[in-house]
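Colleague: My structure is below; once you've seen it, I'll send some questions.
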Amino acid sequence: MEEEEESCRSSPVLQPNRGASGQFDVSLPARHLYLGELEEEGQIPMEDEETTPTLPLLCLPDRVLFPGETLPMHVQNPHTMLMLRDVATRHRPVAIVTDLRSSSQLREMARPTKEELSKVGTTAEVVGMRLEGEDYTQWSPFLTVKLLGRQRFRLMEIFKRVNGQMEGRVVILPEMRLSPPPLALSPCPPCLHSGALVSRLVARAGSVSPFTLQQNSRHSQVLKRSQISGSLCQVPAWVFSLHDQDYLRQEVAREEMMRVGRREEASLDLLPEDTISLSYWLSRRLPISDQEKLSLLSIHCPTQRLIQALHILQGLNDLFCECGKFITKKAHLFSMSVDGPVASYVNPGGHVHDTLTAKRAENVKSHGGPSTEHSWFPGYSWTMLSCRGCSGHKGWLFNATQGGLDPPMFYGLCRKGLAHCHKPSRGANGDLVHPS
């Protein structure tokens, strides 16, 4: 045990080698194999924007779902089980909203009012499901399910049914796309849009042909003309840059490369192409509070949503426990899943954890022995971690159980209970100094 605690205290920085043999398959956690075999469900059609369907309502505390995000669940509530089985059979979506009530209010077991729910939410479809214990050979039956976020909505009205279920009349929110800037004022002319990585590819080729020289010269002339046109416009050029899809996509890729290292430069090619998908992709990967997530989900314009998410990402720095103890920083976060450094996983008790994977963590201590049961990361054992300051649960230390598996260890930190600071002030003991 002392050796485990010492490993947490020293916390060596990991250098995941993405190309070496034995590298962990990051596609495995996103498949949630620990849930076992699930019966796959067919894809349901999207709802038309600005329509007002009445959908079954699923109210989840401490949970904000984005379109494109996977949500695993173990459900034991009979009303919720019946509702999810019904929507899967009828190929209907379910409306997921955030229950804003406090822990003490949730313990009262009363159904929430409309004012106690978030104003915006996301429809979701059942993509996998398995019912266990229906013959009551166990203590009680439960439903294992995977949901996939689909579309944003605004909650208009709720209905409480006599069977214990809730429904909500919602309006499907539109994605308000911006028109492209005038061609002459675009910071990235179309000839550059079609090959954003031209210069990088030419550099890698190690040779320059007359064709590439002529092409680069032509691109330079177009770019120069756009800069001249932009200088004559009353709107500054940087305004157009902020709303240019290719520019924003490259800014996201640059932030990703700064975090994971230049060895993953190809990650630019894995980013979603369209602004809508990219804005959700980035938003759900941020280690931020539910209120900040709801703020992003409320934005109708995907370009504005992407700009705001990028601004949050660039401002993130250190992550602290709520008691003020420093835990980790943005530079230590890395991806153990294709879903990114922040992903949702469910434990056997049905509690869903937003988990940040980090190379290094400080001011945490381990307790209990390692276990491989229900491990979210195949090939790794987990040991529980708590804060050295307040003893609150902070996550898990994962250690490889197979020789040569890379990385050999990492930290899975609970997003709930962590506070991020843009420019934190540190005291002499390294704790966060709260402004008076």
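Colleague: Taking the options Thr98, Thr122, Thr52, Thr89, name whichever one is assigned to a helix (DSSP H, G or I) and either at pLDDT 95 or above or loosely packed, with under 14 Cβ neighbours inside 10 Å (or both). Please lay out each step first, then the result.
Modeller: Details: Thr98 fails: assigned to a helix (DSSP H, G or I); Thr122 fails: assigned to a helix (DSSP H, G or I); Thr52 fails: assigned to a helix (DSSP H, G or I).
It is Thr89.
Colleague: Right, next: Restricting attention to segment 330-343, and to residues there that are surrounded by 20 or more Cβ atoms within 10 Å (Cβ to Cβ) and assigned to a strand (DSSP E or B), which single residue is nearest to the chain's Cα centre (by Cα)?
Modeller: Among them, the one singled out is Ala343.
Colleague: If you don't mind, there's one more thing I want to ask. Mind counting the residues in segment 71-83 that are within 30 Å of Pro302 (Cα to Cα) and modelled with pLDDT under 95?
Modeller: 0
Colleague: Going through segment 370-388 one residue at a time, which ones are under 19 Å from Val352 (Cα atoms), among the small types (Gly, Ala, Ser) and in a loop (DSSP other than H, G, I, E, B)?
Modeller: Ser375 - this is the single residue of segment 370-388 that is under 19 Å from Val352 (Cα atoms), among the small types (Gly, Ala, Ser) and in a loop (DSSP other than H, G, I, E, B).
Colleague: Mind checking which residues of segment 390-405 are more than 23 Å from the chain's Cα centre (by Cα) and on the phi < 0 side of the Ramachandran plot?
Modeller: Selection gives Cys390, Gly392, Asn399, Ala400, Thr401, Gln402, Gly403, Leu405.
Colleague: Could I ask something else about it? For segment 59-84, enumerate the residues that are under 16 Å from Met166 (Cβ atoms), over 20 Å from the mean Cα position of the chain (by Cα) and not β-branched (Val, Ile, Thr).
Modeller: So the first thing to find is which residues in segment 59-84 are under 16 Å from Met166 (Cβ atoms), and the list is 59-61, 63, 75, 77-84.
Cutting the leftovers down to over 20 Å from the mean Cα position of the chain (by Cα) gives us 75, 77-84.
Those that are under 16 Å from Met166 (Cβ atoms), over 20 Å from the mean Cα position of the chain (by Cα) and not β-branched (Val, Ile, Thr): Asn77, Pro78, His79, Met81, Leu82, Met83, Leu84.
Colleague: Still on this model: Mind counting the residues in segment 358-369 that are in a strand (DSSP E or B) and either more than 27 Å from Leu65 (Cα to Cα) or within 12 Å of the chain's Cα centre (by Cα) (or both)?
Modeller: Qualifying residue count for the region: 6.
Colleague: Same structure, new question: Among the residues of segment 279-309, which ones are among the aliphatic types (A, V, I, L, M), surrounded by fewer than 19 Cβ atoms within 10 Å (Cβ to Cβ) and either modelled with pLDDT under 95 or more than 22 Å from Ile172 (Cβ to Cβ) (or both)?
Modeller: Across segment 279-309, the qualifying residue is only Ile307.
Colleague: Next question, about the same structure. Give the number of residues within segment 355-380 that are more than 18 Å from Lys329 (Cβ to Cβ) and buried (at least 18 other Cβ atoms within 10 Å of the Cβ). So that I can check it myself, show each step before the final result.
Modeller: So in segment 355-380, the residues more than 18 Å from Lys329 (Cβ to Cβ) come out as 365-380.
Okay, now just the ones that are also buried (at least 18 other Cβ atoms within 10 Å of the Cβ), so 365-366, 375-377, 380.
Qualifying residue count, segment 355-380: 6.
Colleague: Counting only residues that are part of a helix (DSSP H, G or I) and of a type in the set (S, T, N, Q), how many does segment 292-328 have?
Modeller: 5
Colleague: For Ser371, only one of the following conditions fails: (1) touching a residue at least 24 places away in the same chain (Cβ under 8 Å); (2) over 27 Å from Glu255 (Cα atoms). What is its number?
Modeller: The single condition Ser371 does not satisfy is (1).
Colleague: Would it be correct to say that Leu143 is within 24 Å of Pro287 (Cα to Cα), outside the structural domain of Asp354 (by TED's automatic domain parsing) and not polar (S, T, N, Q)?
Modeller: Criteria not met by Leu143.
The values are calculated or read from the model by the stated rules, or taken from the named source; none is laboratory data. What you are looking at is a predicted structure, and each value in this text was computed from that prediction instead of being measured. Virtual Cβ from ideal backbone geometry, glycine too; neighbours counted across all protein chains shown.
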